[in-house]
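Report on the following structure.
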């Protein structure tokens, strides 16, 4: 919400301006003044975000108001809202600092002007924040460099120091700032200076950072060892090459490492993992592990040393014995604890850990290190693990349940982070499962779920997880799939191919499809909850895209979820508000050019959003059940309008109406169609109902009965999108199909792609063999039409023939063709 101060002597004008802002959706709090005193007072007390001012007022004028605002709040946007203002005055006001001016007769421009100046304010504030942050970063960097425990420097190609921090000055035994401007040969013995220069030259030649241990004497003459990281730089002014470097004195560390190596050799041969921890160092890191540690845990010594032992716990940090372990370390006493630890491959083992303090040689009362001995006691707890198994698996399918899925995903995430690998969660929901439960009973539904679970298990690798998390929902955990998603894509395709195979349940062949959503770590989520939620969102996108497909998660899906809910709410009102209408795309005989029919297509004109794509609301209507009343309305409207054309003496056209899976699954669907025909007075011979392959392959026996009943009424049946699904030709001949429709995806490149051409030719030949007419959709150019004619296709439709027409335009076309 923004605060608006109006300098206006006329309350109604102020109200009109505020009303325009409210209408445009700009939330605001406003106050009005008409004198300079009031203006100054409100600038201090109200602190407006923007000032809107009239130009001419009886007791005050806009230019004076502008001057006052610029004095008190120079950053506050100022917009003139006046009944008239000349061009010269407008230019003068802008020069004095006005942000814009709006004529009162054109208040519709006011919201955009206010929005624009507020955006400019945000950009200005953001720029200032960035400048302040850069200044702070520079200050912090300088403080860091000057106070770091090591030496930092920049040298030119001749070995002259251009920058040196206090650490380097101290190492070279010079006063603070004494190294800058001097050559390294002036500050070090020549042999050491030349040795350092040689490494400098190597860095410049290589053009990349290098790390070496360098040695030179201290002020006392003791040879000190430094771990130096050097990197190439370029002077910002002269563009000459320079060398930057950071050096850490590691003399003492090298001595400690030598001593540690001696101790390590003494216990390296032990068959049990032995570790030594520095409890005084930050984080209590491991400073030693023996060879048996790698054998048991899978972690080489170089991966373990320097880390706190808790990395073996992963995210499993809520263990009661951990506090017992911490207390023993605090009190410098021995202890024995039982911990759940995890190997490098993610497998869990039970670690019976014994720890004991090790006193310092110089001070027996001081304890800096603890030694620990690990024992793998996993086998002892196997019976307990067997009991746990019963709590982690789904009873119906034998698959992992939600708990085990969560645990495995947690472990997979730990492994993936550690080795910078990927993993994938696939959320699967069976399409139209409710139809099976409603028509065949819950027992049949359980059989179907068990079969689907087994098929899913056959589609993944041994290291992957298939989980049933409830109802007809499954989740796949795919480990270490390739980043490009090719391996995941193959799994998705394999699942579709497996599930489309009919399932014989209680004497009926059931065909299952599913909608799948894919979320990948790390790009789609960093934890189990976000990955599951995003995979779920992607699955709902698959549902809304027509089902029987899969979608990869995209960030905009979460925002689109809100958009979908808003659109769904409006869709409930669309039918009652007459926002839906039909358009008709002509279908012609490809050999005579005669119009033989039309396809009725649903459109939605939203009062605020304009035309809504059918792709955005048809699947939504199917999910929430609105497709049933909408489908009945479409059927009734199409019949009435085509009947009107017939009564006007225009050609008797066949009208094709698309059905949804929800309509086809309704128990009284045939009666609904019969009642609609009777109410409209429409001859069923001129009605064609279009179904898709995926629709008819669900509950085949029931679909055959429904289509047969419709066919007996004289209604023609068309199989839409033929060639894109997984239907069996053995079932095709069982359906009372009058017409096959070739999907437009095979027509688009039929004149250039031999594979598409062969598929189209094969469908045409198949239809002829079955004595079924064939119609092609998506005819976009003359080459498509010529190809289909040449190969004997009966009918066609597409934008090359005619775009979809509203009813009046269709009537006009038919009248024009009749006259010719």
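Throughout, read-outs are computed from the coordinates displayed, never taken from laboratory work. Model, not experiment: these values are computed from the prediction. Using ideal geometry, Cβ is built from the backbone for each residue, glycine included, and neighbour counts are taken over all protein chains shown.
Determine the calculated [θ] at 222 nm for the chain from helices alone, applying -39500 (n - 2.57) to every DSSP H run no shorter than 4 residues and normalising by the residue count; nearest 500 deg cm²/dmol.
Computed ellipticity for the chain at 222 nm equals -13500 deg cm²/dmol.
Tell me, what is the FRET efficiency for residue 498 and residue 315 to the nearest 0.05, using R0 = 41 angstrom and their Cβ-Cβ distance as r?
Efficiency, rounded to the nearest 0.05: 0.75.
What is the helix-to-structure angle for 251-267, meaning the angle in degrees between its Cα long axis and the longest Cα principal axis of the chain, kept from 0 to 90 and rounded to the nearest 10?
Approximately 80 degrees, to the nearest 10.
What percent of all Cα-Cα pairs in the stretch 721-820 falls into each 5 Å bin, going from 0 up to the bin containing the maximum distance?
2, 12, 21, 21, 16, 12, 9, 5, 1, 0
Run the numbers on the stretch 2-126 and let me know its relative contact order in percent, using alpha-carbon pairs under 8 Å that are six or more apart.
25 percent
Testing the spin-label approximation: label points 7 Å from Cα along Cα→Cβ at residue 573 and residue 679. State their distance in nm.
For the pair residue 573/residue 679, the computed spacing is 2.4 nm.
Just to confirm the number: angle between the C-alpha axis of helix 110-147 and the first principal axis of the chain, 0 to 90 degrees, nearest 10?
It is inclined by approximately 20 degrees.
Which entry in [x] 116, 92, 52; [y] 90, 59, 53; [z] 105, 91, 71 is this structure's computed Cα extents along the principal axes in Å?
The value computed from this structure is option [x].
Can you compute the label reach from residue 252? Point 7 Å from Cα along the Cβ direction, backbone N cut-off under 14 Å, restricted to the stretch 149-191.
Only 149-150 pass the distance filter.
Expressed in nm to one decimal, what extension gain is obtained for the pair residue 91 and residue 813 from 0.36 nm per residue of sequence separation less their Cα-Cα distance?
Computed gain between residue 91 and residue 813 is 254.3 nm.
Along the Cα→Cβ direction, 7 angstrom out, place labels at residue 132 and residue 733. What is the inter-label distance in nm?
About 8.1 nm separates the two model spin labels.
Using the 10 angstrom Cβ neighbour count as an exposure proxy, how do 144, 746, 474 rank, fewest first?
Ascending Cβ contact count within 10 Å gives the list 144, 746, 474.
Could you tell me how many cubic angstrom of Cα convex hull volume the stretch 148-249 has per residue?
Dividing the Cα hull volume of the stretch 148-249 by its residues yields 91 Å³.
Between the helical axis of 627-647 and the dominant principal axis of the chain, each derived from Cα atoms, what acute angle in degrees is found, rounded to the nearest 10?
Orientation of helix 627-647: about 40 degrees from the principal axis.
At 0.36 nm per residue, minus the direct Cα-Cα distance, what do residue 783 and residue 22 gain on full extension? Give it in nm, one decimal, please.
Gain on extension, residue 783 to residue 22, equals 268.5 nm.
What FRET efficiency would be calculated for the residue pair residue 3, residue 771, taking the C-beta separation as r and a Förster radius of 56 Å, to the nearest 0.05?
0.15
Can you give the FRET efficiency for residue 462 and residue 72, using 1/(1 + (r/R0)^6), R0 = 60 Å, r = Cβ-Cβ distance, to the nearest 0.05?
Approximately 0.25, to the nearest 0.05.
I'd like the distance between the alpha-carbon centres of the stretch 703-719 and the stretch 793-814, rounded to an integer number of Å.
For the stretch 703-719 versus the stretch 793-814, the Cα centre distance is 25 Å.
In µm²/s, what is D for the stretch 568-819 at 20 °C and 1.002 mPa s, where D = kT/(6 pi eta Rh) by Stokes-Einstein and Rh is the Kirkwood radius from Cα pairs?
So the translational diffusion coefficient is about 114 µm²/s.
Calculate the spin-label point distance for residue 545 paired with residue 751, positioning each point 7 Å from the Cα along the beta-carbon direction, and give it in nanometres.
3.0 nm
Normalising by the residue count of the stretch 425-504, find the relative contact order in percent from Cα pairs under 8 Å and 6+ residues apart.
34 percent
Using alpha-carbon positions, what is the distance between the centroids of the stretch 402-436 and the stretch 266-335, in Å?
Using only Cα atoms to place each centre, the spacing works out to 31 Å.
Between the stretch 609-665 and the stretch 13-86, how many Å separate their Cα centres?
54 Å
What's the extension gain from residue 554 to residue 268 if we count 0.36 nm per residue and subtract their Cα-Cα distance?
Full extension of this stretch gives 97.8 nm more.
Normalised by the number of residues in the stretch 762-808, what is the relative contact order in percent for Cα pairs under 8 Å and 6+ residues apart?
About 39 percent, as a whole number.
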